[in-house]
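Asks: Can you keep this structure in mind? I'll have questions shortly.
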Amino acid sequence: MRVVLILIALLWVTPTVGLLASSFRDPTDIAASGWWDVFSKPSQLTTESYSTLLGKEEITDSLLNTIWITVPATALVIVIGAMAGYAFAWMDFKGRDWWFLAVVALLVVPVQVALIPLSALFGDLGIYGSVIGVVLFHVGFGLPFAIFLLRNFFAEIPRELLEAARLDGAGETRLFATVILPLGAPAIASLGIFQFLWVWNDMLVALVFSDSGSRPLTVALTEQTRQFSGNIETLAPGAFISMVIPLAVFFAFQRQFVSGVMAGAVK
C-alpha cells in the first residue's frame, strides 16, 4: 500500500516538477527537448524568464491585487462564519433551525447563477470592476460553507465548558473569544486554508467582476496567453508563481485542514 501511495504521489507531483523545470529553462532549450533534460544538463537553468515576467508592471500589479483580494476575503469569511456558527450552535433565537437550513440550502447554489444579477447590483453600487466587488462576491459565496462547517464543529464542544464559563461571569463575547475560538482552532484553520485556496486560484469571478486595474494574477496570465499564444517561457514562470504560494500554505497546514474538515462534517 505504501508503494502504491508513493507512486500515486509521484505521478501527482510530476506536472508541478515539469512546470518548475520549464520555468527555469531558455525558450530554445524548451523547444529542443523535454523538461527532464535539465537533470542531465543543469547548465540549462536560468532565471531570465522570471526576470522578464516580473519586469512587466501588469504582472506585479496583478500579484498585489491577488493578495488584496485573497486576504480580506479569507479573513471576513472566517470572522463572520465563526460568529454565525457560534450563534447557530449555542444561542437560542426564533427560527434558528430554519435559518440554518436555509444556509445549508445555499451550499448547492452555483456561482454562475449570481454572475449577471450581482454584476447589475455592483454596477448600481459603483463597485463593479473594483477589488471590493470581487471580495464581496467571494465572501458571500464562502459564508454558507463556513457557517455549516463551524456550526457543526462548535456544536460538539461540551456544554459543561460553556456553563462553567458563564458561572464565572463570562458573557457571550468573552465566551466566544476565550472558549469557542481556542477550541475551534482546527476547524477555523481548515476553513481558512480552504477559502484561501479557492479565492487565490479563482479566475471566473475575477474575470467577470474585475477590470484592468483590479485583475488578479489568474486573469493577467490568461491575457498573457492571448497575447503570446502558446509561449511557454512566459506562462511557465507565471503559472508557477501563481501556484507556489497556495501549495506552500496547503502543505504547511494540511493536517489541520483534514482534521478540521472531518471534525466539522462528521458528528
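The values are calculated or read from the model by the stated rules, or taken from the named source; none is laboratory data. Keep in mind that this is a model prediction, so the values were computed, not measured. When we count neighbours, we look across all protein chains shown, and the Cβ atoms used for this are built from the backbone with ideal geometry, even at glycine. Ligands, DNA and RNA are stripped out before the accessible areas are found, and what is left, the full protein with its side chains, is counted by its heavy atoms. Shrake-Rupley method; radii C 1.70, N 1.55, O 1.52, S 1.80 Å.
Asks: I'd like the full set of residues that are among the aliphatic types (A, V, I, L, M), part of a loop (DSSP other than H, G, I, E, B) and either in contact with a helix residue (DSSP H, G or I) (Cβ under 8 Å, 6 or more places away or on another chain) or touching a residue at least 24 places away in the same chain (Cβ under 8 Å) (or both), limited to region 1-54.
Replies: Result: 45, single match.
Asks: Kindly list the number of the only condition in (1) over 25 Å from the mean Cα position of the chain (by Cα); (2) among the hydroxyl-bearing types (Ser, Thr, Tyr); (3) surrounded by 11 or more Cβ atoms within 10 Å (Cβ to Cβ) that fails for residue 74.
Replies: (1)
Asks: Give region 194-243 a look and list any residue that's part of a helix (DSSP H, G or I), open to solvent by 60 Å² or more (accessible area, probe 1.4 Å) and at pLDDT 80 or above, or say none.
Replies: Within region 194-243, 194, 198, 201, 204, 207 qualify.
Asks: Sticking with this one: For region 88-99, what are the residues that are modelled with pLDDT under 90 and either open to solvent by less than 40 Å² (accessible area, probe 1.4 Å) or of a type outside the set (D, E, K, R) (or both)?
Replies: Within region 88-99, 89, 90, 91, 93, 95 qualify.
Asks: Considering each residue of region 128-184, count those that are of a type in the set (Asp, Glu) and either open to solvent by less than 50 Å² (accessible area, probe 1.4 Å) or under 22 Å from the mean Cα position of the chain (by Cα) (or both), and give that number.
Replies: 0
Asks: The conditions are (1) open to solvent by less than 60 Å² (accessible area, probe 1.4 Å); (2) among the hydrophobic types (A, V, I, L, M, F, W, C); (3) within 30 Å of residue 162 (Cβ to Cβ), and residue 59 fails exactly one of them. Which is it?
Replies: (3)
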